[in-house]
Amino acid sequence: MGLIKLYAGRDGMDAHHLRVQLEQIGITAVVLGETLGSGRGDLPMTQETLPGVFVNKEDLKPALAFVRDYVSQQSAATRQDTPAWTCSGCGEQIEGQFDFCWQCETPRPNHER
Ligand SMILES: [Zn+2]
């Protein structure tokens with residue numbers, strides 16, 4: 001099964017909070033990346049070092065729809081750390097926590113390197 005990163009949490013609590021909510025609507029989710037904590041003092045805080053919430057590829061669409069609402073409640077606190085980006089596929093403004101467009105699932109442009 002293929003896991004896809006759905007969301008980058010501000011911290012482990014944020015990531016687990018979302019994971020629990022996804023599981024309540026029947027979407028299996030896992031939190032990966034938080035074990036990097038011990039070395040974090042030397043690392044810049046980037047999307048790669050923050051704990052991420054991953055879902056199965058086939059659950060991406062319903063999970064994105066759910067997280068869009070979740071983020072709109074949280075975005076006041078997170079917007080400054082993760083700038084929004086514009087989807088090259090449909091022109092939608094996407095919150096910075098996402099690696100995929102929630103409309104058409106186009107990946108974030110600078111993610112493909
Ligand atoms: Zn799009």
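Residues in the stretch 17-57 that are open to solvent by less than 80 Å² (accessible area, probe 1.4 Å), at pLDDT 90 or above and assigned to a helix (DSSP H, G or I): how many?
Total satisfying the criteria: 5.
Residues of the stretch 1-16 being assigned to a strand (DSSP E or B) and under 12 Å from the mean Cα position of the chain (by Cα), which ones? Spell out how you get there, then give the answer.
Taking the stretch 1-16 first, the residues assigned to a strand (DSSP E or B) are 3-8.
Hits for the stretch 1-16 are Ile4, Lys5, Leu6, Tyr7, Ala8.
Might you let me know whether the stretch 74-83 holds any residue that is buried (at least 17 other Cβ atoms within 10 Å of the Cβ) and modelled with pLDDT of 85 or more?
The answer is no, given that none of the residues of the stretch 74-83 is buried (at least 17 other Cβ atoms within 10 Å of the Cβ) and modelled with pLDDT of 85 or more.
Just to be sure I understand the filter: pairs with C-beta atoms under 6 Å, separated by 6 or more residues or on different chains, first member in the stretch 83-95 and closer than 14 Å to Leu64 by Cβ, second member open to solvent by 50 Å² or more (accessible area, probe 1.4 Å) and near the ligand (Cβ under 10 Å from one of its atoms). Which pairs pass?
Between residues of the stretch 83-95 that are closer than 14 Å to Leu64 by Cβ and residues that are open to solvent by 50 Å² or more (accessible area, probe 1.4 Å) and near the ligand (Cβ under 10 Å from one of its atoms), the close pairs are Gly89/Cys104; Cys90/Gln103; Cys90/Cys104; Glu92/Gln103.
Using the structure shown, decide if Gln103 is modelled with pLDDT of 85 or more and near the ligand (Cβ under 9 Å from one of its atoms). Outline the logic, then answer.
On the way: modelled with pLDDT of 85 or more: yes; near the ligand (Cβ under 9 Å from one of its atoms): yes.
For Gln103, the condition - modelled with pLDDT of 85 or more and near the ligand (Cβ under 9 Å from one of its atoms) - is met.
The values are calculated or read from the model by the stated rules, or taken from the named source; none is laboratory data. Please read these numbers as outputs of a predicted model, since none were measured by experiment. With ideal geometry, Cβ positions are generated from the backbone for all residues, glycine too; neighbour counts draw on all protein chains shown. Each accessible area value is taken on the protein alone, full model and side chains, heavy atoms only, with ligands, DNA and RNA left out. Shrake-Rupley method; radii C 1.70, N 1.55, O 1.52, S 1.80 Å.
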